[in-house]
Amino acid sequence: MSRKEEKRRIREQMIEENGLIYLDGVSKVYSAGAPALNGVTLHINRGEFVFIVGDSGSGKSTLIKLLLRELTPSGGKVWVMGHDVAKIPHRKIPKFRRNLGIVFQDFRLLKDRNVYENVAFAQRIIEVPSKEIRRNVPSILATVGLAGKYKAKPKQLSGGEQQRVALARALVNRPSILLADEPTGNLDPKNSWEIMKLLEEINESGTTVVVVTHNREIVNDMRKRVVTMKKGVIVSDEEEGEYIDED
Ligand code: ADP
Ligand code: MG
């Protein structure tokens, strides 16, 4: 077995035993003061759909940033797809991130580019051949319900449509994991539901989906796994869970 195959085998075994995402006693301290995360252990298996809920400041975005290697932990280990994330060399971070789609509350689209270009851009930076881009972009835009809007600029779109573009951009490179940090935070209830239903469909087609949200009604209705955070620790983790009322 080559060294590369051996490494892959070890990664697969890690995923098998601990999940596609595995936080092992993770702490994050930004500065003097209470840690943002304090001994978080969490396993997420391939194919799961997980909501992460909790008060503002409870550490949800910090957790997402650790998965993306935007941050490294102060203590403990973060494993994503069998990689010890802190140990990924800088030059390999872009390749690592290709397997992670990310969506934010504020869409973060390129304002001077149209819908098609916003999505195609994600493929161009990883040097996908033009021919494939011309096939992939329309396909993913159809999936998110935006066929026929290719030429619109972000400001000509509703919030819900902008978030669909962001979702298409996150998915076009076919990531194994989709991370969404309050994706419906700027949307009305109808658009929030539509985005969450899309996330569910994406999950049903095989992508592991992690969604940070404050949307109590949707969480209670969708009956998914719910991880609740409070002051940097996980206070509950329930299959088919509910949004727990703050005391
Ligand atoms: P949430 O997403 O649940 O609202 P965050 O992960 O953003 O929580 O923040 C958790 C804690 O860490 C908060 O107390 C916040 O003020 C602090 N924090 C977050 N980012 C930084 C930063 N870059 N520098 C210092 N403190 C931070
Ligand atoms: Mg946050």
For the range 107-133, what are the residues that are on the phi < 0 side of the Ramachandran plot and exposed (fewer than 13 other Cβ atoms within 10 Å of the Cβ)?
111, 112, 124, 125, 126, 129, 130, 131, 132
Which one of these is of a type in the set (Gly, Ala, Ser) and away from ligand 2 (no atom under 16 Å from the Cβ): 82, 59?
82
Taking the stated definitions as given, is residue 141 open to solvent by less than 40 Å² (accessible area, probe 1.4 Å) and part of a helix (DSSP H, G or I)?
yes
Qualifying positions in the range 48-67 - closer than 22 Å to residue 11 by Cβ and open to solvent by less than 10 Å² (accessible area, probe 1.4 Å):
50, 63, 64, 66, 67
Scanning the range 211-234 for residues that are in a loop (DSSP other than H, G, I, E, B) and open to solvent by less than 90 Å² (accessible area, probe 1.4 Å), the one farthest from ligand 2 (Cβ to nearest atom) turns out to be 224
Residue under evaluation residue 237, criteria (1) open to solvent by less than 40 Å² (accessible area, probe 1.4 Å); (2) of a type in the set (D, E, K, R); (3) in a strand (DSSP E or B), criterion not met:
(1)
Considering every residue within the range 179-193, establish whether at least one is closer than 22 Å to residue 99 by Cβ, touching a Gly at 6+ places or on another chain (Cβ under 8 Å), at pLDDT 95 or above and open to solvent by 10 Å² or more (accessible area, probe 1.4 Å).
no
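Determine if the range 73-83 includes at least one residue that is assigned to a loop (DSSP other than H, G, I, E, B), closer than 22 Å to residue 184 by Cα, within 16 Å of ligand 1 (Cβ to nearest atom) and open to solvent by 30 Å² or more (accessible area, probe 1.4 Å).
Looking through the range 73-83, none of the residues is assigned to a loop (DSSP other than H, G, I, E, B), closer than 22 Å to residue 184 by Cα, within 16 Å of ligand 1 (Cβ to nearest atom) and open to solvent by 30 Å² or more (accessible area, probe 1.4 Å).
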Just need a number here: residues in the range 84-97 that are surrounded by 13 or more Cβ atoms within 10 Å (Cβ to Cβ) and assigned to a helix (DSSP H, G or I).
5
List pairs: first in the range 54-66 and farther than 16 Å from residue 244 by Cα, second near ligand 1 (Cβ under 6 Å from one of its atoms) and part of a loop (DSSP other than H, G, I, E, B), Cβ under 7 Å, 6+ apart or cross-chain?
59/36; 62/36
So, in the range 3-48, how many residues would count as being assigned to a loop (DSSP other than H, G, I, E, B), in contact (Cβ under 8 Å) with a residue 40 or more places away in the chain and within 16 Å of ligand 1 (Cβ to nearest atom)?
4
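The values are calculated or read from the model by the stated rules, or taken from the named source; none is laboratory data. Nothing here was measured: the structure is a model prediction, and the numbers come from that model. Every residue, glycine as well, gets a Cβ built from its backbone with ideal geometry; the counts of neighbours run over all protein chains shown. Remember, those area values only see protein heavy atoms, side chains included, never the ligands or the DNA or RNA. Shrake-Rupley method; radii C 1.70, N 1.55, O 1.52, S 1.80 Å.
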